[in-house]
Amino acid sequence: MISGFESANGMLDSRLFDRLLGLALARGGDYADIFCERRHSSSFRLQDGRIHEGGVTLTRGVGIRVLVGESAGYAYSDDLSETALAHAAETASLIAHEVNSGIRSVRVSNRSVSPLYDQSRAEHAPASAYVDLLSRADIAARRFDPRIVAVNASITDDLQDVWIAGSDGRLVQDHRPLITLGVQAISKDGNERGSGYVGDGGRSSIDFFQTRTPESIAVEAARISVVNAEAIPAPAGEMEMIVGCGGGGVLLHEAVGHGLESDFNRQGVSLYSGRIGERVASELVTIYDDGNLPDERGSLSVDDEGTAGQHNILVENGILRGYMQDRLNASLMGVSSTGSGRRQSFRVLPQPRMSNTYMPSGQSSHDEIIAGTKRGLYAKSFAGGQVEISKGDFVFMVAEGYLVEDGKITAPLKNATIVGNGPHVMTQVTAVAGDGRLANRHYTCGKGGQYVPVGVGMPTVKIASITVGGSNVG
């Protein structure tokens with residue numbers, strides 16, 4: 001019996017882990033694991049000054065995986081009866097083909113986990129507390145400027161518990177809080193409309209919003225909205241680009257980070273494949289992926305395979321040092337997992353994914369970078385974009401951007417996009433400021449149909465040349 005497990009879990013009898021792992025490996029296999037999940041979420045949405053949606057969801061289920069070489073057998077069940085789970089284990093075992101292997105004897109034991117966030121919070125706040133935060137955000141955004149004509153806001157408070165058992169004998173448990181408050185403000189200035197969105201939160205509780213208040217989030221969203229309503233059409237063509245600190249890390253995440261995930265590199269479809277030890281960026285560029293930053297959105301005490309989150313050096317002074325590894329790809333590439341195996345839920349297999357990806361501070365200053373720019377785009381934040389992993393080509397939309405002329409920030413710009421190639425852009429970095437920070441915003445990364453929370457960050461960075469797409473071609 002594993003001390004304290006049954007009372008904490010309330011889902012499976014602890015003896016089942018040993019039995020299910022034995023059944024999963026009955027036909028052979030290199031490794032098997034079980035991912036047991038319980039998720040309790042509260043969410044509320046405000047529109048037109050009123051609460052339009054509110055609800056609580058409870059999700060429970062178990063996924064069982066068997067690894068054989070490069071292949072994985074997987075089955076899941078939200079029926080937690082022993083019969084259903086045994087059937088899932090036997091289904092996952094069909095990936096292996098050993099004859100008369102027989103049920104293996106597996107015994108797991110509890111391994112301690114160093115928590116990165118509050119492990120004691122087991123309950124949600126009263127519904128009235130969430131509604132109050134949304135109402136305060138709505139009032140603050142509207143008061144910011146009379147041009148604000150609409151406000152939408154939402155809050156989600158998620159409590160996820162996971163138990164991960166492996167045929168190597170590990171059994172780990174993690175309690176993962178995650179709270180997010182997002183505000184969209186829409187403004188109208190004559191015939192021009194603008195929109196601004198800010199989402200904030202982390203692996204914390206509703207108390208997070210005592211310091212990062214709903215008013216501060218709403219005012220920032222309203223400010224961006226008004227700026228965009230006043231903006232002029234973005235110019236088109238080649239120019240210098242300054243990437244803003246914090247939220248500019250979205251560019252780093254999309255244009256470079258995905259190309260450093262191990263599955264793409266093992267399969268040889270990334271431009272970074274087979275290039276460890278080579279120069280892939282300017283010597284000013286260092287990139288980390290950190291899974292163990294306290295309270296950050298992308299942090300995990302353990303990943304979804306039971307490996308502790310780690311500080312991973314991906315690029316160091318322009319030299320490629322490593323990839324983000326899950327268990328399967330690490331084994332096939334002859335290295336260790338970097339704690340990067342992540343999944344959206346018990347229904348899907350883990351993949352190598354980013355956690356908190358960022359560039360540390362450099363030696364320049366923000367003001368020096370602006371002053372040294374003849375004509376360029378200051379992309380303070382991004383609204384999203386697309387990247388083709390095999391080529392590194394990307395297209396990004398700028399959420400808040402400004403024209404820089406003769407060393408000064410001048411007009412705000414609207415409808416600006418940037419087009420480029422991630423690896424090439426990293427060679428074009430000519431200055432890195434000393435203002436590096438995590439964005440502390442609501443970012444969710446999609447890959448292979450799965451979505452997981454992540455963190456991004458960087459200092460102010462200057463790129464020598466970028467293609468800007470805009471409607472002003474004069």
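Of everything in region 276-308, what is of a type in the set (Ser, Thr, Tyr) and farther than 17 Å from SER361 by Cα? Give them in sequence order.
Within region 276-308, SER299, SER301, THR307 meet the criteria.
Select, from GLY244, GLY202, the only residue that is more than 30 Å from ASP30 (Cβ to Cβ), in the same structural domain as PRO294 (by TED's automatic domain parsing) and within 22 Å of the chain's Cα centre (by Cα).
Numbers: GLY202 fails: in the same structural domain as PRO294 (by TED's automatic domain parsing).
Exactly one of GLY244, GLY202 is more than 30 Å from ASP30 (Cβ to Cβ), in the same structural domain as PRO294 (by TED's automatic domain parsing) and within 22 Å of the chain's Cα centre (by Cα), namely GLY244.
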**Message:** Going residue by residue through region 185-196, is there one that turns out to be closer than 30 Å to VAL106 by Cβ and polar (S, T, N, Q)?
**Reply:** no
**Single residue of region 32-49 satisfying the filter (in a strand (DSSP E or B) and acidic (Asp, Glu)) that is farthest from HIS175 (Cα to Cα)** = ASP33
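Give the residues of region 143-163 that are charged (D, E, K, R) and free of Cβ contacts under 8 Å to residues at least 12 places away in the same chain, sorted by residue number.
Start the filter on region 143-163 by keeping residues that are charged (D, E, K, R), which leaves 143, 145, 147, 157-158, 161.
Correct list: ARG143 only.
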**Message:** Could you check region 283-317 and list, in sequence order, the residues that are free of Cβ contacts under 8 Å to residues at least 60 places away in the same chain, more than 24 Å from PHE208 (Cβ to Cβ), part of a loop (DSSP other than H, G, I, E, B) and acidic (Asp, Glu)?
**Reply:** GLU283
**Message:** Suppose we filter ARG107, ARG136 for residues that are among the basic types (Lys, Arg) and more than 30 Å from the chain's Cα centre (by Cα); which single one remains?
**Reply:** ARG107
**Request:** With the condition kept exactly as written, say whether any residue in region 159-171 is touching a strand residue (DSSP E or B) at 6+ places or on another chain (Cβ under 6 Å) and charged (D, E, K, R).
**Result:** yes
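Listed here are the residues, each with its yes/no results for (1) in contact with a helix residue (DSSP H, G or I) (Cβ under 6 Å, 6 or more places away or on another chain); (2) buried (at least 21 other Cβ atoms within 10 Å of the Cβ).
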residue	(1), (2)
MET333	yes, no
SER345	no, no
PRO352	yes, yes
GLN363	no, no
ASP367	no, no
GLY372	no, no
GLN386	no, no
**Request:** Those residues that are out of contact with any Phe, Trp or Tyr (no Cβ under 8 Å at 6 or more places or on another chain) and either surrounded by 14 or more Cβ atoms within 10 Å (Cβ to Cβ) or outside the structural domain of ALA32 (by TED's automatic domain parsing) (or both), I need them from region 68-77; list them, please.
**Result:** VAL68, ALA72, GLY73, TYR74, ALA75, SER77
**Asked** Picking from ASP132, ASP174, ASP145, ASP158, which residue would you name as being at pLDDT 90 or above, of a type in the set (Asp, Glu), buried (at least 19 other Cβ atoms within 10 Å of the Cβ) and within 26 Å of GLU220 (Cβ to Cβ)?
**Response** ASP158
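The values are calculated or read from the model by the stated rules, or taken from the named source; none is laboratory data. Predicted, not measured: the structure shown is a model, and the values here were computed from it. When we count neighbours, we look across all protein chains shown, and the Cβ atoms used for this are built from the backbone with ideal geometry, even at glycine.
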